Amino acid sequence: MDIAIIGAGPAGARAAWVLARGGARVTMFDASHPREKPCGGGVTGRALALVADAVNPASFTRTQIRSARFLLRTFGASAGQVPDRTLSASAGQVLERESATVALDDEALVVTSRADFDAALVSAALNAGAELDRTRVTDVQVDAGGVRVDTRAGTRRAAFVIGADGATSLVRRRVAEPFRRDQLSIATGFFAHGVSSSEIVIEFVADPPGYIWSFPRPGHLAIGICAEACAGVSAGHLRARTAEWIRATGIAGGARLEPYAWPIPSLGTRDAQTLTVAGPRWHLVGDAAGLVDPITREGIYFALASGQWAAESLLRDAPASAYASRVAADVGNELARAARLKAGFFRPSFIGVLMSALQQSAAIRAVMADLVAGRQSYADLKWRLLKTLEMGIAWRALFPQLLRYRP
Ligand SMILES: Cc1cc2nc3c(=O)[nH]c(=O)nc-3n(C[C@H](O)[C@H](O)[C@H](O)COP(=O)(O)OP(=O)(O)OC[C@H]3O[C@@H](n4cnc5c(N)ncnc54)[C@H](O)[C@@H]3O)c2cc1C
């Protein structure tokens with residue numbers, strides 16, 4: 001074996017496919033398949049386009065998303081003045097739920113079962129000549145002579161290791177620093193079985209700043225909420241909050257609810273600019289490298305792209321710094337911008353104005369559609385908003401956080 005890939009999620013399977021096609025001897029290690037990963041399952045058009053050479057979308061079940069409905073609970077005052085601060089619809093304070101619907105085109109977003117989507121990626125890698133060792137890796141040691149991979153089934157050696165083992169990456173812990181608490185978010189929620197739809201629903205909430213989402217996978221809704229791990233909000237509290245939302249909106253009817261909780265890397269501005277992704281004999285890809293958009297939580301595209309870049313770099317026999325430079329240039333700056341915008345983006349004053357704009361302005365709905373589809377870079381978000389939205393609204397929406405922001 002030349003290359004050991006620990007983890008066969010999107011990042012590991014994509015790396016394996018590229019490497020095997022390039023003639024490398026590559027083994028993925030992962031005991032989990034088939035498995036349903038706690039995830040929204042939203043796969044953007046850009047992610048599907050990236051893997052179109054390996055995976056036919058018809059080969060996995062998916063829901064084509066036609067629209068995104070945005071909600072904001074208000075207290076009867078105009079949106080933005082008195083934003084959502086309460087959980088309980090029964091507290092009698094919530095008078096209404098503002099709503100705005102954004103149409104999505106065929107290229108924007110599908111929602112998949114992660115069991116199906118990941119299986120299609122793994123199957124493509126196996127067909128290309130990669131191997132899958134269905135065992136859990138218990139330790140990884142990198143030394144001058146190569147890489148030692150200890151598994152529950154014995155020890156293997158490789159010349160190089162790719163850490164594609166997700167947010168709690170063992171490889172990351174061995175070759176670099178584990179993520180700090182302030183670099184992680186916790187996502188908590190439920191799969192609501194037997195219900196689906198062609199619409200994603202996103203309700204903005206002020207505390208913790210962010211949103212509750214419902215993503216309709218084929219056969220079930222993936223519903224959840226996310227909070228920074230160091231925000232002092234327990235997973236139990238978040239789950240109760242999600243359950244209350246499900247009840248209040250009636251979105252799942254009487255569906256059986258299956259709980260989940262899982263970490264998501266959520267890097268700050270400085271972290272995203274100084275990503276640790278490569279060293280002698282190792283690369284980190286996907287969640288193990290921290291590559292998730294801190295606003296939209298899109299991680300699948302970055303997992304696929306980074307897996308591909310790591311593999312291409314290895315096939316060229318390039319130094320570790322080549323992969324690191326590519327990640328920094330193509331992703332690091334963009335994630336750093338997202339991290340910088342995040343606090344302002346979820347501020348109630350911004351969300352209130354955004355909701356009004358979504359209701360009134362086709363141009364803003366187009367911007368939001370592109371954000372959902374992963375087509376809107378943060379580098380020119382401000383400029384596009386200023387150009388397309390009535391100046392006064394954009395000014396209030398963006399001030400003061402984003403006006404200081406320089407892309
Ligand atoms: C609740 C939630 C909702 C999300 N929603 C979305 C969304 O809608 N769209 C989106 O783009 N992103 C979303 N994300 C992010 C997305 O799930 C991740 O970014 C993506 O799965 C990262 O892919 P990966 O291959 O890097 O890691 P993973 O998909 O986590 O795969 C890692 C693999 O490594 C294996 N592994 C781990 N440790 C070991 C070990 N020691 N030995 C062997 N194998 C091991 C695991 O079993 C797993 O199969 C969401 C995340 C969460 C938690």
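The values are calculated or read from the model by the stated rules, or taken from the named source; none is laboratory data. Bear in mind the structure is a predicted one, so any value in this text is a computation, not a measurement. Using ideal geometry, Cβ is built from the backbone for each residue, glycine included, and neighbour counts are taken over all protein chains shown. For the accessible areas, the whole protein counts, side chains as well, though only heavy atoms, and no ligand, DNA or RNA atoms are used. Shrake-Rupley method; radii C 1.70, N 1.55, O 1.52, S 1.80 Å.
Springs between Cα atoms under 10 Å define the GNM used for the chain, and in it the highest mean-square fluctuation of Leu386, Leu284, Leu275 occurs at Leu386.
Per residue, the average separation of C-alpha pairs within less than 8 Å and at least 6 apart gives the chain a relative contact order of 21 percent. Across q = 0.12, 0.16 Å⁻¹, the range 164-248 modelled as identical point scatterers on its alpha-carbon atoms has Debye log10 I(q)/I(0) values of -0.45, -0.72, in the order of the q list.
Full extension of the chain between Thr168 and Ala240 yields a length gain of 23.5 nm, computed as 0.36 nm times the residue separation minus the alpha carbon distance. Residues of the range 168-187 with an amide N closer than 17 Å to a point placed 7 Å from the Cα of Arg148 along the Cα-to-Cβ direction: 171, 174-175. For the range 32-49, backbone nitrogen atoms closer than 13 Å to the point 7 Å from Thr61 Cα along Cα-to-C-beta are found at 36. If the Kirkwood radius is taken over C-alpha pairs of the range 232-390, then at 37 °C and 0.692 mPa s the Stokes-Einstein diffusion coefficient equals 181 µm²/s. Each stretch of four or more DSSP H residues adds -39500 (n - 2.57); spread over every residue of the chain, this sum gives -10000 deg cm²/dmol at 222 nm. Averaged over its residues, the chain has an accessible area of 40 Å² per residue, based on protein heavy atoms and a 1.4 Å probe. Each of Gly254, Ala278, Phe345 was scored by the projection of its Cα onto the charge dipole of the chain, and the greatest displacement toward the positive side belongs to Phe345; charges sit on the C-beta of Lys, Arg, Asp and Glu.
Under the convention that each Lys and Arg Cβ holds +1 and each Asp and Glu Cβ holds -1, the size of the dipole of the chain around its Cα centre is about 500 debye. So if we plug the beta-carbon distance of Asp53 and Ser32 into 1/(1 + (r/R0)^6) with R0 = 30 Å, what FRET efficiency do we get, rounded to 0.05? With a Förster radius of 30 Å, E is 0.75. Over the Cα atoms of the range 243-305, each weighted equally, I'd like the Debye log10 I(q)/I(0) at q = 0.12 Å⁻¹, rounded to two decimals. Computed log10 I(q)/I(0) values: -0.49. As a fraction of the 1.4 Å probe accessible area of the chain, surface on carbon and sulfur atoms comes out at 50 percent. Remark: C-alpha extents of the range 207-271 on the principal axes read 43, 24, 17 Å, sorted largest to smallest. Once the chain from Asp207 to Arg256 is taken as fully extended at 0.36 nm per residue, the excess over their C-alpha distance is 15.0 nm. Dipole size of the range 264-347 about its Cα centre, with +1 on Lys/Arg Cβ and -1 on Asp/Glu Cβ: approximately 300 debye, rounded to the nearest 20. Farthest towards the positive end of the charge dipole of the chain, among the residues Pro294, Leu48, Val137, is the Cα of Pro294, using unit charges on the Cβ of Lys, Arg, Asp and Glu. Amide H contacts under 5 Å for Val233: none, restricted to partners 5 or more places along the chain or on a different chain, H placed in the peptide plane at 1.01 Å from N. For the range 225-331, trypsin sites (Lys or Arg not before Pro) are listed when DSSP marks them as loop and at most 13 other Cβ atoms sit within 10 Å of their Cβ; the list is Arg316. Between the amide H of Ala108 and any residue lying 5 or more places away or on another chain, no distance stays under 5 Å, with hydrogens modeled in the peptide plane.
Calculate, in nm to one decimal, what Ala248 and Arg97 gain on full extension: separation in residues at 0.36 nm each, minus their alpha carbon distance. Display every interim value, and only then the final one.
On the way: separation 151, 0.36 × 151 = 54.36 nm, distance 1.07 nm.
Extra length available between Ala248 and Arg97 comes to 53.3 nm.
Mind pulling the angle between the C-alpha long axis of helix 300-315 and the longest principal axis of the chain? Nearest 10 degrees, somewhere in 0 to 90. In the chain, helix 300-315 runs at an angle near 30 degrees to the longest axis.
Over the chain, the pair-distance histogram of Cα-Cα distances with 20 Å bins from zero comes to 27, 57, 15, 0 percent, rounded to whole numbers.
A dipole drawn for the chain from +1 and -1 charges on Cβ atoms has a positive end, and of Ala164, Ala119, Tyr211 the residue lying farthest that way is Tyr211.
Label-to-label distance, Asp105 versus Thr276, with points set 7 angstrom from Cα along the beta-carbon direction: 4.2 nm.
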